[in-house]
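Worksheet for the structure shown next.
The values are calculated or read from the model by the stated rules, or taken from the named source; none is laboratory data. It should be emphasised that the depicted structure is a prediction, and the values quoted were computed from it without experimental measurement. Because the Cβ atoms are built from the backbone with ideal geometry, glycine has one as well, and the counts that use them run over all protein chains shown.
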Amino acid sequence: MDGLIKTLIKPDWDDNPKRSEILHAANLLQVGEFQLIQLAYKIWYKEDLPENKVSKIFSEYMITGIIPIWVTSYARDILKLDRANVLDSYNEKYHVYDHEFGKKIDNEQQRRRRGIFYALIIGFVFAASHYMAANYAEEPAGFYPPYIEKRVVYPELYKDKGYGWELKD
């Protein structure tokens with residue numbers, strides 16, 4: 001739990017100092033760790049990361065904590081550029097694998113339409129969840145989510161007559 005709090009306060013923190021370097025470099029470039037690994041592979045081997053190696057390298061990195069030397073080297077180069085105040089994190093060469101990089105909403109009407117669309121989605125999900133809770137939950141123990149049925153929270157109020165739960169008299 002202590003690690004979670006530290007991570008929430010400082011997102012580029014990790015127990016492993018080498019991994020902290022990679023997290024910090026990824027945050028500086030405003031890319032994910034996986035994209036940083038792809039960039040490092042491309043710089044080190046002068047080719048894109050092959051599909052057959054992607055899951056192996058990333059799972060070794062995430063699960064076992066094995067960090068390839070070329071990723072560490074690339075992350076340290078990024079950190080050096082940042083310390084020298086010459087890092088341009090908006091340069092397109094760092095966002096080769098970020099397909100939405102540079103896309104902007106040009107006009108106010110498009111921005112408004114997108115905002116209304118997202119508000120409608122949120123409203124629909126909210127209304128649908130309350131409708132389902134009101135109509136499909138037997139009797140909620142409380143008004144607010146999670147909608148746990150009253151018979152689960154207060155089993156002493158119910159008895160089993162062999163064919164289902166019923167309220168005691």
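Table for the structure above
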{"quantity": "Count - residues of segment 55-69 that are loosely packed, with under 15 Cβ neighbours inside 10 Å and among the hydrophobic types (A, V, I, L, M, F, W, C)", "calculated": "4"}
{"quantity": "Unmet criterion (only one of (1) in contact with a helix residue (DSSP H, G or I) (Cβ under 6 Å, 6 or more places away or on another chain); (2) among the aliphatic types (A, V, I, L, M); (3) part of a helix (DSSP H, G or I)) for residue 87", "calculated": "(3)"}
{"quantity": "Test: residue 106 is at pLDDT 75 or above, farther than 30 Å from residue 43 by Cβ and not in a helix (DSSP H, G or I)", "calculated": "yes"}
{"quantity": "Every pair of residues 6+ apart whose Cβ atoms lie under 7 Å, when the first sits in segment 52-80 and is without any contact (Cβ under 8 Å) to a residue 12 or more places away in the chain while the second is exposed (fewer than 14 other Cβ atoms within 10 Å of the Cβ) and of a type in the set (Asp, Glu)", "calculated": "66/60"}
{"quantity": "Only listed residue being modelled with pLDDT under 90, surrounded by 12 or more Cβ atoms within 10 Å (Cβ to Cβ) and part of a loop (DSSP other than H, G, I, E, B), chosen from 144, 97", "calculated": "97"}
